[in-house]
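Visitor: There's a structure below that I have some questions on.
The values are calculated or read from the model by the stated rules, or taken from the named source; none is laboratory data. For clarity, every value in this text was computed on a predicted model and none was experimentally measured. Counting neighbours? That spans all protein chains shown, and the Cβs are built from the backbone with ideal geometry, glycine included.
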Amino acid sequence: MSERPFAERSRSEHKTAGPIFHSLKIYFQKESFMTGKIKRTKSWDELTFADNFLFCKILESEPEICRQLLELLLHIEIDHLEVPQAEKTMQETFEAKSVRFDAYTKNDSQIFDIEIQTTDTKNLPKRARYYQSVIDMDNLSKGENYSKLKDSYVIFLCLDDIFHQALPVYTFENLCREDKKIKLNDRTYKVFFNAAECDKLKSREERDFFHFLKGESAETGFSRSIEEKVNFAKKNMAWRRQYMTWQQTIDEEKYLAREEGARENAIANAKKFLHMNILSPEQIAEGTSLPLEEVLALKEELAQKTISSQA
């Protein structure tokens with residue numbers, strides 16, 4: 001059935017479409033509100049060690065803090081480390097996806113990547129897998145024997161439990177499924193800490209570190225030393241200016257992303273209700289805030305697809 005212009009419809013048709021149109025306007029308004037609900041960027045004075053900017057800056061500028069943190073988390077001794085690199089970017093080929101490590105460091109036999117993760121992005125396990133593959137590609141030159149590969153650790157400091165098993169830490173290495181006592185011994189480790197269950201950690205120093213990471217007061221020597229570095233960093237005017245520039249850029253990107261997301265959502269809704277064939281293009285344009293010309297173009301596009309599928 002072909003759709004008549006809104007003005008040519010009978011009074012009964014308008015009356016039927018009216019409540020539907022009112023409900024759809026409320027739906028569209030809710031959709032727009034939800035799209036616009038974005039997390040506010042913190043001010044400089046609000047930042048803590050759990051915020052990416054300060055986390056990276058402090059570990060990069062304080063190699064000894066980085067070394068002590070790794071020893072605390074992994075229960076290993078590390079005699080020395082290269083100067084940590086914050087926000088280190090790697091890309092193996094032009095076409096490959098690049099990665100950016102929060103805090104990357106290494107020595108003669110080990111490589112470490114430490115990531116601060118305040119939200120569960122639902123893809124951390126595969127992200128850890130990709131990170132480890134990029135680390136290996138970057139550290140083995142053409143012609144070198146595989147035995148030259150270093151032990152590699154990808155460490156995520158998570159504020160929440162991404163595996164939902166109430167463990168304070170989840171450490172993964174490759175094992176034989178048929179006999180779990182047999183290790184592959186490829187010397188790759190993926191470690192996910194869960195700050196929400198940090199009271200289950202054996203070491204008081206570890207427990208206190210994660211309490212501090214969650215915004216609580218520092219009680220032990222190591223956490224207090226980080227707290228001092230954070231307080232000192234807040235007085236660093238160069239870092240403050242860098243953060244404010246970064247903050248402005250991020251806020252602009254969030255705004256543009258929100259606008260683009262709202263537009264994509266409006267187009268999807270317009271297509272959906274054109275398929276339903278219960279509203280006029282004028283009503284859909286008003287409900288979605290799209291120009292009428294664009295709704296008419298979408299209608300024509302859908303009609304052409306229908307003709308093509310029936311041919």
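Visitor: Looking for something among the small types (Gly, Ala, Ser) and more than 29 Å from the chain's Cα centre (by Cα) - is there at least one such residue anywhere in the stretch 230-240? Let's see the steps before the verdict.
Guide: We begin by selecting, within the stretch 230-240, every residue among the small types (Gly, Ala, Ser); these are 233, 238.
Imposing the further condition that a residue be more than 29 Å from the chain's Cα centre (by Cα) reduces the set to none.
Checked against the condition, which is being among the small types (Gly, Ala, Ser) and more than 29 Å from the chain's Cα centre (by Cα), the stretch 230-240 yields no hits at all.
Visitor: Now, a different point. Going by what's in this entry, would Ala218 be described as out of contact with any strand residue (DSSP E or B) (no Cβ under 6 Å at 6 or more places or on another chain) and not assigned by TED's automatic domain parsing to the domain that holds Asp161?
Guide: Working: out of contact with any strand residue (DSSP E or B) (no Cβ under 6 Å at 6 or more places or on another chain): yes; not assigned by TED's automatic domain parsing to the domain that holds Asp161: no.
No: the conditions fail for Ala218.
Visitor: Sticking with this structure for a sec: Given (1) within 27 Å of Ser203 (Cα to Cα); (2) in a strand (DSSP E or B); (3) among the hydrophobic types (A, V, I, L, M, F, W, C), where does Leu69 come up short, assuming only one miss?
Guide: (2)
Visitor: Here's something else I'd like to know. Going through the stretch 88-118 one residue at a time, which ones are among the polar types (S, T, N, Q) and in contact with a Cys (Cβ under 7 Å, 6 or more places away or on another chain)?
Guide: Initially, the stretch 88-118 is screened for residues among the polar types (S, T, N, Q), giving 89, 91, 93, 98, 105, 107, 109-110, 117-118.
Within the stretch 88-118, Thr105, Gln117 qualify.
Visitor: Does Phe156 satisfy the condition of being touching a helix residue (DSSP H, G or I) at 6+ places or on another chain (Cβ under 7 Å), within 17 Å of Thr118 (Cβ to Cβ) and surrounded by 13 or more Cβ atoms within 10 Å (Cβ to Cβ)?
Guide: Working: touching a helix residue (DSSP H, G or I) at 6+ places or on another chain (Cβ under 7 Å): yes; within 17 Å of Thr118 (Cβ to Cβ): yes; surrounded by 13 or more Cβ atoms within 10 Å (Cβ to Cβ): yes.
So Phe156 passes the test.
Visitor: How about the stretch 147-263: which strands (runs of 3 or more DSSP E) wholly inside it have at least 1 residues that are in contact with a Ser or Thr (Cβ under 6 Å, 6 or more places away or on another chain), touching a residue at least 60 places away in the same chain (Cβ under 8 Å) and not aromatic (Phe, Trp, Tyr)?
Guide: Working: elements: 151-158, 169-172, 188-194.
Per the criteria, 188-194.
Visitor: Please verify whether Thr245 is more than 16 Å from Phe55 (Cα to Cα) and under 23 Å from the mean Cα position of the chain (by Cα), treating the condition exactly as stated. First the steps, then the outcome.
Guide: On the way: more than 16 Å from Phe55 (Cα to Cα): yes; under 23 Å from the mean Cα position of the chain (by Cα): yes.
Taking the combined requirement at face value, the residue satisfies it.
Visitor: Checking Gln117 against (1) within 20 Å of Glu71 (Cα to Cα); (2) in contact (Cβ under 8 Å) with a residue 40 or more places away in the chain; (3) over 18 Å from the mean Cα position of the chain (by Cα): exactly one of these is not met. Which one?
Guide: So Gln117 meets the others, but not (3).
Visitor: (1) under 26 Å from Val134 (Cα atoms); (2) surrounded by 16 or more Cβ atoms within 10 Å (Cβ to Cβ): which one isn't true of Leu213, the others all being true?
Guide: It fails just one condition, (1).
Quick grid of which residues meet (1) acidic (Asp, Glu); (2) modelled with pLDDT of 85 or more:
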position: Lys229; (1), (2): no, yes
position: Arg240; (1), (2): no, yes
position: Lys254; (1), (2): no, no
position: Glu259; (1), (2): yes, no
position: Pro281; (1), (2): no, no
position: Gly287; (1), (2): no, no
position: Pro291; (1), (2): no, yes
position: Lys305; (1), (2): no, no
position: Ala311; (1), (2): no, no
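Visitor: Among the residues of the stretch 40-63, which ones are among the charged types (D, E, K, R) and outside any loop (DSSP other than H, G, I, E, B)? Step through it out loud before you land on a result.
Guide: Narrowing the stretch 40-63 to residues among the charged types (D, E, K, R): 40, 42, 45-46, 51, 57, 60, 62.
Passing the criteria: Asp45, Glu46, Lys57, Glu60.
Visitor: Moving to a separate point now. Filter the stretch 77-93 down to the residues that are in a loop (DSSP other than H, G, I, E, B) and among the β-branched types (Val, Ile, Thr) and list them by number. Write out each step before concluding.
Guide: Step one: of the stretch 77-93, the residues in a loop (DSSP other than H, G, I, E, B) are 77-84, 91-93.
Ile78, Val83, Thr93, listed by residue number.
Visitor: For the stretch 73-128, give me each residue that is out of contact with any strand residue (DSSP E or B) (no Cβ under 7 Å at 6 or more places or on another chain) and either among the aromatic types (Phe, Trp, Tyr) or not assigned by TED's automatic domain parsing to the domain that holds Ile155 (or both).
Guide: Selection gives Phe94 alone.
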